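S.K.: To start, I am sharing the structure in question, which I have written as structure tokens.
The values are calculated or read from the model by the stated rules, or taken from the named source; none is laboratory data. Just so you know, these numbers come straight off a predicted model, no measurement behind them. Neighbour counts run over all protein chains shown; Cβ positions are idealised from the backbone, glycine included. For accessibility, only protein heavy atoms count, side chains too; no ligands or nucleic acids. Shrake-Rupley method; radii C 1.70, N 1.55, O 1.52, S 1.80 Å.
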Amino acid sequence: MKKRTWLRSFMTVVLLVSCLLANTIPAWAATVRIPTATGAITYGTNTVHIDASNSKDGYIMMKYTGKAPRIKVRIKQTVEYTYDLNTTGKFETFPLTEGSGNYTISVFENVKDKMYSTAFTKQINVVMQDANSTFLYPNQFCNYNSSTKVVKTGDELVKGLTDTLKKVEVIYKYAVDNITYDYHKAKTVQSGYLPNVDDTLNTKKGICFDYSALMTSMLRTQNIPTKLVIGYAGSTYHAWISVYTEEQGWIDNAIHFDGSTWKFMDPTFASSGKGDPKITEYINNPTNYIAKFSY
């Protein structure tokens, strides 16, 4: 078994080297885009640091070096997005989810209990090279890098595949068949929770947020623009995904593959439903879903 594993790894390396020498990369190879703060375009104060050097790619980076215990960030074009910013003094990535336009970026410091004061506000004009590039980078909600296990797993799942929808189908099926819904976590999860995609992969369980972050991470590293969508399924606060293909554009809300067409993809309900016709009917009905935010 070890010899076969070694041989398979060796052949993969040989293939990758051959592709690089030919100036090509196999269609199944993962592409991990790492956000960077280059310092070319910056705003802020002594404690608030905003790097907009790569806003053209659909994100900004921020860090806080002050003494406030909690920091809130709001980013608004037409929809207001609110985030927590860490207080470690390290940069975090924030997506510009509404494409090109004017964004107002505001940073708030916690002063007492639930009271915050404005630390900095700035309006920036963003001109993106590709509006979909936002959904190809990691951020707080789908946090990964080149050493994250979920990237390698996604690569293995789609190895040899070149068709976008086939990749989506394989990754979707993996999430539905291998991740179990964690009802205890759903009841006890705290506000501000952020998924850890490798934890989900290792424990094989999670809530809707975890399912969606796992799939989003795998698909983005396969060069498939993917939105992690937060909204309502009926009256329940919920998370699902949308994907982009050259042939169909954005397949919005959730998607389900019935063997010939893509409709809704709600990996959480599909997994917990295990083929229940009522669940399938529910996730195939777009009126059951109301999207609020895309990350």
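S.K.: Hey, got the dipole for region 156-257? About the Cα centre, +1 on K and R Cβ, -1 on D and E Cβ, debye to the nearest 20?
M.R.: Using Cβ point charges on Lys, Arg, Asp and Glu, region 156-257 gives about 220 debye.
S.K.: Go through region 55-147 and name the trypsin sites (Lys or Arg not before Pro) that are in a DSSP coil and have 15 or fewer other Cβ atoms within 10 Å of their Cβ.
M.R.: Passing both the DSSP loop test and the Cβ count: LYS67, LYS90, LYS114.
S.K.: Find how many whole Å separate the alpha carbon centroid of region 63-78 from the alpha carbon centroid of region 177-193.
M.R.: The distance from the Cα centre of region 177-193 to that of region 63-78 comes to 27 Å.
S.K.: Out of region 124-217, which chymotrypsin sites (Phe, Trp or Tyr not before Pro) are coil in DSSP terms and have no more than 16 other C-beta atoms within 10 Å?
M.R.: TYR193
S.K.: I've got another one for you. So if I restrict to the alpha-carbon atoms in region 101-186, what is the Rg, and what is Dmax, the biggest pairwise distance, in Å?
M.R.: Spelled out, the Cα radius of gyration and Dmax of region 101-186 are 19.7, 55 Å.
S.K.: Largest first, please: the extent of the C-alpha atoms of region 126-227 along each principal axis, to the nearest Å.
M.R.: Taking max minus min along each principal axis of the Cα atoms, region 126-227 gives 41, 37, 23 Å.
S.K.: Would you mind getting me the FRET efficiency between GLN190 and LEU157? Use the beta-carbon distance for r and R0 = 25 Å, nearest 0.05.
M.R.: Result of the calculation: an efficiency of 0.20.
S.K.: Let me ask something else about it. Would you mind working out the accessible area per residue for region 41-130, using a 1.4 Å probe, and quoting it in Å²?
M.R.: It amounts to 51 Å² per residue over region 41-130.
S.K.: What ³J(HN,Hα) values, in whole Hz, does the Karplus curve 6.51 cos²θ - 1.76 cosθ + 1.60 give for region 172-179 when θ = phi - 60°, with x put for Gly and Pro?
M.R.: For region 172-179, the Karplus curve yields 4, 4, 4, 4, 5, 7, 10, 9 Hz.
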